[in-house]
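J.: Here it is, the structure, as structure tokens.
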Amino acid sequence: MRIPPPSAPLPAPLPARPPRVLTVAGSDSGGGAGIQADLKTMLALGVHGMSVVTAVTAQNSLGVQGAWELPVAAVRAQFRSVVDDIGVQAVKTGMLSSAAIAAEVAGLLADVGVPVVVDPVGISKHGDSLLAAEALETVRTALLPVATVATPNLDEVTQLTGVVVDGEAAMHGAAEAVLAYGPRWVLIKGGHLEGDAVDLLSDGSRDLWFRAARHDNRHTHGTGCTLASAIASFLALGLDVPEAVGAAKEYITGAIAAGFPLGGGIGPVDHAWRQRP
């Protein structure tokens, strides 16, 4: 009796592909903010992070010691390399450095067809400028109009609109001023105010407030980058804007509570707080 040869084993099924999120931002050599914070956030939230580097900074817990922007052609080539081959399901922008880079990125995003979270980074945690003064008008007129969500802090609100927010009552007016430049939603981050950490999300027709207890922890480097990347990640995972902001607010609140000392200055938030014992 002839015994048939064993059949070849079936190939193992390929693992499911996670959503893909692209960050367009500057590099933080200290690892607490910028591209590094964005990619850590994306990994922690279960999406595949990719990057377009716009500038390289020499940066640590004490401040920014130097910054060098990349050529516009290098920014464009990175973007096309990722988007044309791998594809994206959400994009987050951070430090864009110059008017030329901001204009190029705005043009690239105009046709990308996925949610875009714009963190209009102008000043670092230590007060160092991360955006050329002449680039502000480009951010206002070219970048904000392509944003699904813009996430300015109070200093950036003033930088972009001239509106000074000195309390919760002024946050609605700040939202209106930013929305006038064209983003679909704006999240006014009230972390610089006294009391609870309160943020206002608005699309011009409804105001949604997000509150969290303020943690007594000075190690908050990378807060804005992390929050914007978390929003982009949750949008890529299929949440709508209010849901994504709510989930991102919960994530950043935990990351701030777990922020740790690093170097001689302000340490970073802990992007892996959910994974730690």
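J.: Could you line up Thr54, Thr138 from fewest to most neighbouring Cβ atoms inside 10 Å?
T.: Ranking Thr54, Thr138 by Cβ neighbours within 10 Å, fewest first, gives Thr138, Thr54.
J.: Something else: Run the quick spin-label model on Ser205 and His192: label points 7 Å from Cα toward the beta carbon, then report their separation in nm to one decimal.
T.: 3.2
J.: Compute the Rg to Rh ratio over the chain from the alpha carbon atoms, using the Kirkwood formula for Rh, and round to two decimal places.
T.: Taking Rg over the Kirkwood Rh, I get 1.05.
J.: Relative to the longest principal Cα axis of the chain, at what angle does helix 72-85 sit, 0 to 90 degrees, rounded to 10?
T.: Once rounded, the angle reads 40 degrees.
J.: So between His172 and Ala77, what do we pick up on full extension, going 0.36 nm a residue minus the alpha carbon distance? Don't skip to the answer; put the middle values down first.
T.: Working: separation 95, 0.36 × 95 = 34.20 nm, distance 3.90 nm.
Working it through step by step, the gained length comes to 30.3 nm.
J.: Further question on the same structure: If you rank Tyr251, Tyr181 by fewest surrounding Cβ atoms within 10 Å, what's the result?
T.: Lowest count first: Tyr181, Tyr251.
J.: So if we plug the beta-carbon distance of Arg184 and Asn217 into 1/(1 + (r/R0)^6) with R0 = 35 Å, what FRET efficiency do we get, rounded to 0.05? Each step should come with its number before you reach the end.
T.: Values: r = 33 Å, r/R0 = 0.93.
Efficiency at R0 = 35 Å is approximately 0.60.
J.: Also, I was wondering about something else. To check you understand DSSP bridge types, tell me what percent of the beta bridges within the chain (both residues inside) are antiparallel, rounded to 5.
T.: Around 45 percent of the beta bridges assigned by DSSP in the chain are antiparallel ones.
J.: Now, a different point. Determine the calculated [θ] at 222 nm for the chain from helices alone, applying -39500 (n - 2.57) to every DSSP H run no shorter than 4 residues and normalising by the residue count; nearest 500 deg cm²/dmol.
T.: It lands at -9500 deg cm²/dmol.
J.: Still on this structure, I have one more. Order of 226-232, 151-157 by packing, highest average Cβ count within 10 Å first?
T.: Details: 226-232: 31.3, 151-157: 23.7.
Descending packing order for the listed peptides: 226-232, 151-157.
J.: Return the single residue from Asp119, Asp199, Asp216 with maximal mean-square fluctuation; model: Gaussian network over the chain, springs between Cα atoms under 10 Å.
T.: Answer for the Gaussian network model of the chain: Asp216.
Computed from the coordinates by the stated procedures, all read-outs in this text should not be read as laboratory data. The model shown is predicted, which means the values in this text are computed figures rather than measured ones. Positions of Cβ are generated from backbone atoms using ideal geometry, with glycine treated the same way; all protein chains shown enter the neighbour counts.
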